[in-house]
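Written below as structure tokens is the structure these notes are about.
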Amino acid sequence: MTCFIAFGGAEIKVPEGVRVINHIVPLFGGAGTDRVRPSRTGPVLVLRGVALFGGIGVTGPDARDQHHGD
């Protein structure tokens, strides 16, 4: 996936088991994949592009959605 973020943000939500490889170049911005559980198998999402004065966040499934009622 190629991303260009300028003065804004984007959130990408991936399903369980997806491996995310982050090749985003942050210029006064950022790209975070720390909210995704690492996976060695399964599909791979490669992020490429630029975050200019903005950010890209990648998240996995929300644990609260999986364990409601606990």
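The values are calculated or read from the model by the stated rules, or taken from the named source; none is laboratory data. Everything quoted here is computed from the prediction, not taken from an experiment. Positions of Cβ are generated from backbone atoms using ideal geometry, with glycine treated the same way; all protein chains shown enter the neighbour counts. These accessible areas exclude ligands, DNA and RNA; they are computed on the full protein's heavy atoms, side chains included. Shrake-Rupley method; radii C 1.70, N 1.55, O 1.52, S 1.80 Å.
For the stretch 7-25, what are the residues that are exposed (fewer than 12 other Cβ atoms within 10 Å of the Cβ), in contact (Cβ under 8 Å) with a residue 40 or more places away in the chain and outside any loop (DSSP other than H, G, I, E, B)?
Glu11
For the stretch 34-50, name all the residues that are closer than 14 Å to Pro61 by Cβ and basic (Lys, Arg).
Arg35, Arg37
Checking the conditions here, which among Gly60, Gly49, Gly54 is open to solvent by less than 30 Å² (accessible area, probe 1.4 Å) and on the phi > 0 side of the Ramachandran plot?
The match here is Gly49.
Given the options Phe28, Phe4, name the one that is modelled with pLDDT of 90 or more, in contact with a Phe, Trp or Tyr (Cβ under 6 Å, 6 or more places away or on another chain) and open to solvent by 30 Å² or more (accessible area, probe 1.4 Å).
Phe28
Across the stretch 1-33, what is the total count of residues that are under 14 Å from Pro61 (Cα atoms) and under 8 Å from the mean Cα position of the chain (by Cα)?
Total meeting the criteria: 6.
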